[in-house]
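In what follows, a single structure is set out as structure tokens and then discussed.
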Amino acid sequence: MTNVAHTPYNIKEKTEKNATYRSLIRAELADELYEKILNIIVIEKRYRDKDFSAKELAATLSTNTRYISAVINSRFNTNFSCLINEYRVKEAMHKMSDKRYTEMTIEEIGLSVGFSNRQSFYASFYRIMGETPNNYRKRHLPVK
């Protein structure tokens, strides 16, 4: 029997894809979409909406999902889901290290930042941070 290393939460390595449509978008349009994407995701905090999708973002910006994907891939070096989850994890990290949120469970924090369930929160958190939300909270929560 071979010994296969298993990663927690069934995380797969990210593979590089070379989509030809990325080079078809004009630089000016890419710059404009980049600013608008940042505004919607970061300033408006749309990542908190568990149902927020690339399709909805494209509709909001009156463009198509291929352009959204091209801009996110080239400017953020990631895909839509990973980008959204990065902002969710950042906010969760803030809440887990802030004494104002000590009454919230880890699961409640995950749901409050836009994850639809505990499993997706734990998997994303572990993939991004390399540790579980529980370990992170224990290490960063101020002593009462």
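Quick note: the coordinates plus some simple rules give every number you see, no bench work behind them. Note that this is a predicted model, so its numbers are computed, not measured. As a convention, Cβ positions derive from the backbone with ideal geometry for all residues, glycine included, and neighbour counts pool all protein chains shown.
Please state the shape class of the stretch 43-116: rounded when a/c is under 1.5, otherwise prolate if a/b exceeds b/c and oblate if not, all from the C-alpha gyration tensor.
In terms of gyration-tensor shape, prolate.
Could you give the length gained on full extension between ARG100 and THR65, defined as 0.36 nm per residue of separation minus the Cα-Cα distance, in nm? Intermediate values should be presented prior to the final figure.
On the way: separation 35, 0.36 × 35 = 12.60 nm, distance 3.82 nm.
Fully extending the segment from ARG100 to THR65 adds 8.8 nm.
Counting other beta carbons within 10 Å of each Cβ, put LEU141, LEU33 in order, fewest first.
LEU141, LEU33
What ranking do MET96, MET129 get, fewest neighbouring Cβ atoms within 10 angstrom at the top?
Fewest-to-most Cβ neighbours within 10 Å comes out as MET129, MET96.
Between SER53 and LEU141, what is 0.36 nm times their sequence separation minus the Cα-Cα distance? Round to one decimal in nm.
Numbers: separation 88, 0.36 × 88 = 31.68 nm, distance 3.20 nm.
Full extension from SER53 to LEU141 adds 28.5 nm.
Over the alpha-carbon set of the stretch 84-140, divide Rg by the Kirkwood Rh and report the Rg/Rh ratio to two decimals.
Taking Rg over the Kirkwood Rh, I get 0.90.
Given the pairs LYS36/LYS95; LYS50/LYS99; LYS50/LYS90; LYS90/LYS138, which span a C-alpha to C-alpha distance of over 19 angstrom in this model?
Over 19 Å apart, Cα to Cα: LYS36/LYS95; LYS50/LYS99.
Divide, for the stretch 19-144, the radius of gyration over alpha carbons by 2.2 N^0.38 Å, where N is the residue count. List each step's numbers first, then the result.
Numbers: Rg = 16.3 Å, N = 126, 2.2 N^0.38 = 13.8 Å.
Compactness ratio reported: 1.18.
Label ASN39 and LYS90 with points 7 Å out from Cα along Cα→Cβ: what is the distance between them in nm?
Those two pseudo-labels are separated by 1.8 nm.
What do the square roots of 5 times the Cα gyration tensor eigenvalues come to for the stretch 20-77, in whole Å, largest first, as semi-axes of the equivalent ellipsoid?
19, 12, 10
What nm value, rounded to one decimal, do you get for the distance between ASN79 and LEU29 when each label is placed 7 Å out toward the C-beta?
2.3
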